[in-house]
Amino acid sequence: QVQLVESGGGLVQPGGSLRLSCSASGTIFSINAMGWYRQAPGNQQRELVAGIAPSGNANYAEFVKGRFTISRDNAKNTVYLQMNSLKPEDTAVYYCKAEISLRRFQSERDYWGQGTQVTVSS
């Protein structure tokens, strides 16, 4: 019913930039918070990178502050992550998450994208 599709990952040199996109499609009534998480090689858990409310209020993990910017287009059900000054330690699979309600008065639940690989290497 609902699908989140990410794009924009790839291989980039240290100091470079990438822009990730994630679009939600399907039978959607409303979307609350959206966010980006990542899972580095060898780590079993995903860590929060950045999150953004429908109002545009955003929060960031300390390790990306000043380098990454999250934004969203509510009309397009899309969230973006602009990543600048990339470091090798940013290498990970990046996942988007959205809190989505399918019907009026229905509670939101989390939906995840399939992930997109970001590799920072010279």
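The values are calculated or read from the model by the stated rules, or taken from the named source; none is laboratory data. Note that the structure is a prediction, hence the values are computed from the model and not measured. All Cβ positions, even for glycine, are placed from backbone atoms using ideal geometry, and neighbour counts span all protein chains on display. Just the protein is used for accessible areas: all its heavy atoms, side chains included, with ligands, DNA and RNA removed. Shrake-Rupley method; radii C 1.70, N 1.55, O 1.52, S 1.80 Å.
Out of the residues in the stretch 6-42 meeting the condition of being aliphatic (A, V, I, L, M) and under 28 Å from residue 122 (Cα atoms), tell me which one is least open to solvent (accessible area, probe 1.4 Å). Spell out the reasoning first.
Residues of the stretch 6-42 aliphatic (A, V, I, L, M): 11-12, 18, 20, 24, 28, 31, 33-34, 40.
Adding the requirement that they be under 28 Å from residue 122 (Cα atoms) leaves 11-12, 18, 20, 40.
On the way: 11: 129, 12: 21, 18: 31, 20: 0, 40: 25 Å².
Among those residues, the one meeting the criterion is 20.
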Checklist line | Residues of the stretch 90-118 classified as assigned to a strand (DSSP E or B), among the acidic types (Asp, Glu) and surrounded by 15 or more Cβ atoms within 10 Å (Cβ to Cβ), total | finding: 1
Notebook entry, point to check: Considering the stretch 97-121 alone, what residues qualify as being among the small types (Gly, Ala, Ser) and over 16 Å from the mean Cα position of the chain (by Cα)?
Noted result: 101, 107, 121
Check: What residue, of 3, 82, is modelled with pLDDT of 95 or more and closer than 14 Å to residue 118 by Cβ?
Finding: 82
Notebook entry, point to check: What are the residues in the stretch 66-118 that are hydroxyl-bearing (Ser, Thr, Tyr) and within 18 Å of residue 48 (Cβ to Cβ), if any?
Noted result: 69, 71, 80, 91, 94, 95, 111, 116
Next item on the list: Would you mind telling me which numbered condition in (1) open to solvent by 70 Å² or more (accessible area, probe 1.4 Å); (2) within 18 Å of residue 1 (Cβ to Cβ); (3) not aromatic (Phe, Trp, Tyr) residue 45 fails?
Entry: (2)
Next item on the list: Being open to solvent by 60 Å² or more (accessible area, probe 1.4 Å), assigned to a loop (DSSP other than H, G, I, E, B) and closer than 19 Å to residue 39 by Cβ is the filter here, so list the residues in the stretch 59-89 that pass it.
Entry: 87
